[in-house]
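What follows draws every value from the coordinates through simple rules; no lab data is involved. Since the structure is predicted, the reported quantities are computational estimates derived from the model, not experimental observations. All Cβ positions, glycine included, derive from the backbone under ideal geometry; neighbour counts span all protein chains shown.
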Amino acid sequence: MFIIMNIALIGYGKMGKAIEKIALERGHNISAIIDMNSSLKSIDDLHEKVDVAIEFTTPSSAGKNIYECLKKSIPVVSGTTGWNINIPEIKNLCKEYKTSMFYASNFSIGMNIFMEINKNLAVMMNKFDAYKVSIEETHHIHKLDKPSGTAITLAEDIIKKYSKYNNWQLSPVNDAGHLGISSFREGETIGDHKITWKSDIDKITIEHSAKNRDGFALGAILSAEYIRDKEGYFTMRDLLNL
């Protein structure tokens, strides 16, 4: 049964505004906005009831925002990348305060399907060590972290399945055991990711391009709906049953 939620937006940049649009279209309420340019400046200012908080801010503030939400027993969805998430600690907080967290480096349904393709391809290619793998990602000039959290996730998934690599490195690469990631910041590009497997005889390329932010926003709202009454730590694999 569909339940209308009261949502707090933590961060009201382009993603926050896209999430607001999709949330309202789906019948939810935006009951609070916490942002440097809004009347509410911190989670302590949340006086009214919220069912879930959706957090898209910066790497320097994400951890504090998330921990404060959990300690107030507010379920939180976060898509902020570039910070070091301590999953065991998050799980303990969810248990202690009987709440939940949903984290994804990318909320696009299409991208998460792409991630599964990436994993499966790496498994198949592990028999053929003649291939060199490279990842290329392009985002808008306002994105703070480099490489993108999505590119790192893609690289780590390859490294787990393809024994030729033991780590990733921002290009240029100076270690044969490192998978190279090339990062570009151009204009208002939403998000492009390309993975290339190249040998002396052929090349395999898979890629995903986001046309707008609506796909990310919808994924964030679906994630909020998913964890509203749950306890624990969740990812897109749980939402999509992958």
- prompt: Which one of Ser183, Ser163, His193 has its Cα pushed farthest toward the positive end of the charge dipole of the stretch 146-194, where Lys and Arg give +1 and Asp and Glu give -1 at the Cβ?
  reply: Ser163
query: How large is ³J(HN,Hα) for each residue in the stretch 230-237, as worked out from phi by the Karplus curve 6.51 cos²θ - 1.76 cosθ + 1.60 (θ = phi - 60°), to whole Hz, x for Gly and Pro?
result: 10, 10, x, 10, 10, 9, 5, 5
query: In the stretch 77-128, which trypsin sites (Lys or Arg not before Pro) fall in coil by DSSP and have 12 or fewer other Cβ atoms within 10 Å?
result: Lys98, Lys127
- request: Could you size up the charge dipole of the chain around its Cα centre, putting +1 on the beta carbon of Lys and Arg and -1 on that of Asp and Glu, and report it in debye to the nearest 20?
  value: 240
query: Non-local amide H neighbours of Ile34 (under 5 Å, H modeled in plane, Pro and chain starts lacking H): which ones?
result: Leu9, Ile10, Gly11
task: Using only Cα atoms, find the angle between the long axis of helix 149-161 and the longest principal axis of the chain, and express it within 0 to 90 degrees, rounded to the nearest 10.
output: 50
field: the chain, relative contact order [Cα under 8 Å, separation at least 6], %
entry: 21
query: On a 0 to 90 degree scale, rounded to 10, what angle separates helix 59-71 from the longest Cα axis of the chain?
result: 50
- prompt: Which whole-Hz ³J(HN,Hα) couplings does the stretch 120-127 yield from phi under the Karplus relation 6.51 cos²θ - 1.76 cosθ + 1.60, θ = phi - 60°, glycine and proline marked x?
  reply: 5, 5, 4, 4, 5, 7, 5, 7
- request: Report the chymotrypsin sites (Phe, Trp or Tyr not before Pro) located in the stretch 94-136 that are in a DSSP loop and have at most 11 other Cβ atoms inside 10 Å of their Cβ, or state none.
  value: Phe128
Cross-link pairs beyond the 29 Å C-alpha cut-off, checked among Lys17/Lys64; Lys49/Lys95; Lys98/Lys119; Lys49/Lys119; Lys127/Lys211; Lys49/Lys143: Lys98/Lys119; Lys49/Lys119; Lys127/Lys211; Lys49/Lys143
message: For the chain, what does the helix formula give at 222 nm: sum of -39500 (n - 2.57) over DSSP H segments with n ≥ 4, over the residue count, nearest 500 deg cm²/dmol?
response: -11000 deg cm²/dmol
Sorted by Cβ neighbour density within 10 Å, fewest at the top, the residues Ile43, Ile3, Ile109: Ile3, Ile109, Ile43
